[in-house]
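Heads up, the thing below is written out as C-alpha cells.
Since every read-out is calculated from the coordinates, none of them should be taken as a lab result. Only a predicted model underlies this, so the values are computations on that prediction, with no experimental measurement involved. Because the Cβ atoms are built from the backbone with ideal geometry, glycine has one as well, and the counts that use them run over all protein chains shown.
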Amino acid sequence: MPEPDAAVAIVHARGPADSVLLMRRAEREADPWSGHWSFPGGRREPEDRDLLDTALRELEEECGIRLARELLESALPPAVARRRVGRFLLVAPFVFSVDHPQPAILDPREAVEAVWLPLSVLRDPARHALRTVPGLPPDMRLPAIDLNGVPLWGFTYRLIVDWLDLNPQAF
C-alpha cells in the first residue's frame, strides 16, 4: 500500500463527556470537501516529521488545539478519501484521548463550526439514515447523520463507522 498523503486527528474526550471533535470545513472552491463535516486534518507538508506530526499540526492550525504526541491512543488503518475529480487521497487517521473537550478556536479560512459530538449520538441507530447530500443529485441518498442541518457523510462518516465498529447495515 502506498504511503498516505494526509492525516486526520480524531480527538476523543473520555469520561462523562465521551465525545469527539468534529469541524465543518469552510466553503472554498479548491477544496473537494468544502462545507463538509470532518475531523481536523490535511495534507502532509515537507516540514512534517511524519504523518502524526501532520495530524497534530492540522489540528492546531484548524481548531487551535495543541496536543502532545503522547496523547495518541491509536493509529487506525489508512483510509481512502474519494474525490469527484482527480486522484483519491490516502489518509492516516490518528485517535487522541483527552480528559475533557478542549475549546476550539477556529481559523475561519479552514473551519466555520466545531462541535464535541457525544458518542451516544453516533451510536444511536435512529440518527443514521439515507439522506441527500450537497452537490449530488436530489434523488441520490447516502448514509449520513444530520448534524446542525448539515449531513455528516462520506469519508468522515465511514471513519466513524469503522472507528466505533458500528454496523451500517442496521441503520
Practice prompt. Considering only DSSP beta bridges where both residues belong to the chain, give the percentage that are antiparallel (nearest 5).
Written response: 80 percent
Worksheet item: Longest exposed-loop-site-free stretch of the chain, with GluC sites (Glu not before Pro), DSSP loop and at most 16 other Cβ within 10 Å?
Response: 48-171
Item to complete: Could you grab the relative contact order for the chain? Cα pairs under 8 Å, six or more apart, rounded to a whole percent.
Response: 26 percent
Worksheet item: How many Å³ per residue does the convex hull of the Cα positions in the chain occupy?
Response: 127 Å³
Worksheet item: Each residue of region 125-140 in turn: what ³J(HN,Hα) in whole Hz from Karplus with 6.51, -1.76, 1.60 and θ = phi - 60°, glycine and Pro shown as x?
Response: x, 5, 7, 8, 7, 7, 10, 6, 10, x, x, 10, x, x, 8, 8
Discussion item. Along the charge dipole of the chain, pointing to its positive end and built from +1/-1 on Cβ of Lys, Arg, Asp and Glu, which listed residue (PHE96, LEU166, ALA9) has its Cα farthest out?
Written reply: LEU166
Fill in: Per-pair calculated FRET efficiency, R0 = 35 Å: PHE88 and GLU27 via Cβ, rounded to 0.05
0.95
